[in-house]
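Trainee: For reference, the structure I am asking about is given below.
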C-alpha cells in the first residue's frame with residue numbers, strides 16, 4: 001500500500017499492523033483505535049487525521065509530515081520518528097516511551113498567545 005491515496009478513508013479500528021504505508025496520503029482519514037504496530041509510514045502525509053488511541057508501537061514514521069493530526073491517547077512506544085515533522089499535532093496522553101525523535105521538527109503556532117492553532121485541527125467529534 002505504499003503511496004496509497006487514503007484521503008478521508010474510514011479505517012477506525014482497522015488492523016494495519018506491519019503495513020507498508022510509505023508516502024501514503026492520509027489527509028482527513030479516520031484511524032481511531034487502529035492497529036498500526038510495526039507499520040511503515042516513512043514520508044507519509046498525515047494531515048487533519050484522527051488517530052486517537054491508535055497503536056503505533058514500533059512504527060517507522062521517519063520523515064513523515066503530521067499537520068493538525070489528533071493522536072490523543074495513542075501508543076507509540078519504540079516508534080522511529082527521526083526527522084518527523086509535527087505541526088499543530090495533538091498528543092495529549094500519548095505514550096512515546098522509547099520513541100526516537102532525533103532531529104524532529106515541532107511547531108505549535110498560536111499556543112504561545114493562548115490562541116487555537118490556525119487551520120483545521122480535528123477534535124474527533126462527528
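What follows is calculated from the coordinates using simple rules that are stated; it is not laboratory data. Just so it is clear, the model here is predicted, and its values are computed rather than measured. So basically every Cβ, Gly included, is an ideal-geometry build from the backbone, and we count neighbours across all protein chains shown.
Trainee: How many nm separate the modelled label positions at residue 2 and residue 97, each set 7 Å beyond the Cα in the direction of the Cβ?
Mentor: 3.3 nm
Trainee: Have a look at the chain and give its Rg and Dmax from the Cα atoms, expressed in angstrom.
Mentor: Radius of gyration, then largest Cα-Cα span, for the chain: 13.1, 41 Å.
Trainee: Based on the mean of other beta carbon atoms within 10 Å per residue, what is the order of 14-23, 59-68, 83-92, most packed first?
Mentor: 59-68, 83-92, 14-23
Trainee: Related question: Let me have the relative contact order for the chain, percent, based on Cα pairs under 8 Å that are six or more residues apart.
Mentor: 17 percent
Trainee: Mind giving me the FRET efficiency for residue 15 and residue 106? R0 is 25 Å, r the Cβ-Cβ distance, nearest 0.05 is fine.
Mentor: 0.25
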